[in-house]
Amino acid sequence: MHCPFCKCTDTIVKDSRPTEDGAAIRRRRQCPECDARFTTFERVQMRELKVIKRDGTKEVFSYDKLHKSLSIALRKREISDETLDKLINSISRELEKTGESEFSTTVVGEYVMKALAQTDPVGYVRYASVYRDFSKPEDFNRFIEDELKHVLEQDKTPAK
C-alpha cells in the first residue's frame, strides 16, 4: 500500500480488525518514511459493478463517491462513521445481490434513497433534494407530504 502523503511503497500495518458488520477489514497503517498514519479498508468485491451515467458513459461503481455524497446528506447528523460504512456496504451488497453488473444512476439513487429513508429521515430529504433536483421550497413540502410520510408510515406497520 502506497503512503498517501509521501508515496512510499513500504507501509506497515499497525492494527487490523473487522468492521462492525464484518463486511470489511480496517487496517491502521504507518509510513516508515514520513511517519504518517492512515486507515485503509479491504472489502470483498463479488463482481465489478458499473454505473451507467445519464449521458450513456459507464464508470466503475465508486464506494468513495457514494461515501462522499452520503456524508454531505448526513452532515451534522448523529450518524457514526461505522453506521455510514454499514449503510454503504448494505447498498453495494443489495446491488450485487441483483445479479446484474451494470446499473443506471437512477437505480443506484433509488437504492440510496431506500437505505437513507430507513436510517435518517433528514438525510433522506437532503439527499432527495439534490437527487430529485428540488428547485423551490414547494418541492420540499410535496416530497415530505407524499414520499417521506409514506415511508415513515411503512416503518410503523407491524410485521405479519
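Before moving on, here are some points about what is shown:
- Any hit, region 50-68, residues being closer than 21 Å to P121 by Cβ, surrounded by 14 or more Cβ atoms within 10 Å (Cβ to Cβ) and modelled with pLDDT of 90 or more: yes
- Any pair with Cβ under 8 angstrom, 6 or more apart, that starts in region 86-112 at a residue that is under 19 Å from R54 (Cβ atoms) and ends at one that is in a helix (DSSP H, G or I) and of a type outside the set (A, V, I, L, M): L95/Y111; G109/Y131; Y111/E94; V112/S69; V112/Y127; V112/Y131
- Filtered residues of region 1-43 (kept if surrounded by 15 or more Cβ atoms within 10 Å (Cβ to Cβ), closer than 24 Å to N89 by Cα, among the hydroxyl-bearing types (S, T, Y) and without any contact (Cβ under 8 Å) to a residue 60 or more places away in the chain): T40
- Residue satisfying condition, being closer than 20 Å to I25 by Cβ, of a type in the set (K, R) and not assigned by TED's automatic domain parsing to the domain that holds S16, within set K50, K86, K97, K114: K86
- Cross-chain or 6+ apart pairs with Cβ under 7 Å, region 137-158 first and part of a helix (DSSP H, G or I), then at pLDDT 85 or above and of a type in the set (S, T, Y): F140/S129; L148/Y124
- Scanning region 29-76 for residues that are in a loop (DSSP other than H, G, I, E, B), among the hydrophobic types (A, V, I, L, M, F, W, C) and closer than 19 Å to P18 by Cα gives V44, M46.
The values are calculated or read from the model by the stated rules, or taken from the named source; none is laboratory data. It should be emphasised that the depicted structure is a prediction, and the values quoted were computed from it without experimental measurement. Cβ coordinates were reconstructed from backbone atoms using ideal geometry, including for glycine residues, and neighbour counts include every protein chain displayed.
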